[in-house]
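See structure below.
The values are calculated or read from the model by the stated rules, or taken from the named source; none is laboratory data. In this text the structure is predicted, and so the values were computed from the model without any measurement. Here the Cβ positions follow ideal geometry from the backbone for every residue, glycine too, while neighbour counts run over all protein chains shown.
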Amino acid sequence: MSKMDPTLLDAAAREAGPRNGPLRKRLFIAMGVAVAAGAVGYGAYAAIYASRFVSTDNAYVGAETAQVTAAIGGIVQGVRVTDTGHVRRGEVLLTLDDTDARLALAQAEAELGRAVRRVRGYVANDDSLAAAMAARSSDEQRAAAQLAAARADLDRALIDLRRREALADSGSISGEELTKARNAFETARASAAVARAAAAQAQANSHAAAGSRAANAVLIADTTEEGNPEVALARARRDQAQVNLDRTVVRAPVDGVVARRAVQVGQQVQAGAPLLSVVPVAEVHVDANFKEGQLAKVRVGQPVALESDLHGSHVSYRGIVVGMAGGTGSAFAVIPAQNATGNWIKVVQRVPVRIQLDPAELSAHPLQVGLSMKAVVDTRGAL
């Protein structure tokens, strides 16, 4: 094949040059317009969308999981649920051996009955003590009258003795009469001593009766049988025994799914020991961890659009911002970051934002705790 003449190539290039000039110019103009349109489009995106919406895929489903613990100690008698099982609030989860609790309740009820009878005895005793006090008061009055009579007899015997002693000195009476007068005086003096002792005893008995009634009155004063402290204490112990018996039946605190069951039949559990958890799957929320630079316009009440990795982009959820954490995730870590060091490196921090989901959407498309989510907050949405 023969080579072309160089002069012919140069001539062809000179002929094509004028024709390609306008085409190249139009190409450069089109490229400039495209770049300008891209810049305008990006600016519009930044002004309209990026400044309005903040998003993150560092978001996860959470829930206020109910931790079921043993309120009292005992031996597990039966377990009625398994992990992943659905339960309703109030449904029986497990039972403990209630033998000791039933015996304690029977004893407390007996103590309550005894306290009631004892208080009723106080009331009945008050009437008998009142009657006894009245009788002792009558005895005291009678003894006082007898003492007065004995003293009068003693005074008469003394006067008679002195008169007869004077007559005996003058020889007007015999010695026998004087002896009789002296004997009568001694008898009257002895009788007065006996009456004085009887009066003192009657007075002491009266005071004792009054004291007994006063002491009994303290037990029943300003109260009824129901309000008596002894009865109230016994009733409180009976109620506590009933509560302990009721606690041998462990019930679900919320609707949800059983998780982390850690108890078996025959196991001895202590009060406060964790038994299992109940996850309220119908009331889950999302904790979205936004970068600190994204939170300037985020407020409580703003709407949120969410997608889950489980259902994909064809299922969307609507949510509302209900709160923001009081600190970053690293601030509440088990081992907080130590930033006051010489080799410090700035790390972008994230703040958890709590998002409430629509219960109707959760019912249609349930979510499990821990699932990954993508959240987009409309910072200009209704508050």
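A few points about this structure:
- Candidate set from the range 52-80 (those that are out of contact with any Lys or Arg (no Cβ under 7 Å at 6 or more places or on another chain), touching a residue at least 24 places away in the same chain (Cβ under 8 Å) and outside any strand (DSSP E or B)); member that is farthest from D100 (Cα to Cα): A63
- Residue count, the range 86-111 (criterion: in contact (Cβ under 8 Å) with a residue 40 or more places away in the chain and either surrounded by 16 or more Cβ atoms within 10 Å (Cβ to Cβ) or closer than 16 Å to Q242 by Cβ (or both)): 14
- Taken across the range 268-278, residues that are touching a residue at least 60 places away in the same chain (Cβ under 8 Å), closer than 30 Å to A360 by Cβ and of a type outside the set (S, T, N, Q) do occur, with at least one present.
Quick grid of which residues meet (1) in a helix (DSSP H, G or I); (2) modelled with pLDDT under 75; (3) among the acidic types (D, E); (4) touching a helix residue (DSSP H, G or I) at 6+ places or on another chain (Cβ under 8 Å):
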| position | (1), (2), (3), (4) |
| --- | --- |
| A149 | yes, no, no, yes |
| D155 | yes, no, yes, no |
| L158 | yes, no, no, yes |
| A184 | yes, no, no, yes |
| A210 | yes, yes, no, yes |
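- Any pair with Cβ under 7 angstrom, 6 or more apart, that starts in the range 326-338 at a residue that is touching a residue at least 40 places away in the same chain (Cβ under 8 Å) and ends at one that is surrounded by 11 or more Cβ atoms within 10 Å (Cβ to Cβ) and charged (D, E, K, R): G329/R350
- Restricting T379, T328 to residues that are within 31 Å of the chain's Cα centre (by Cα) and either farther than 26 Å from A259 by Cα or of a type in the set (A, V, I, L, M) (or both) narrows the list to T328.
- Of all residues in the range 101-119, those satisfying the criterion of being within 13 Å of P229 (Cα to Cα) and either at pLDDT below 90 or of a type in the set (D, E) (or both) are A115, V116, R118, V119.
- S313, sole failed condition from (1) under 13 Å from S55 (Cβ atoms); (2) among the polar types (S, T, N, Q); (3) over 37 Å from the mean Cα position of the chain (by Cα): (1)
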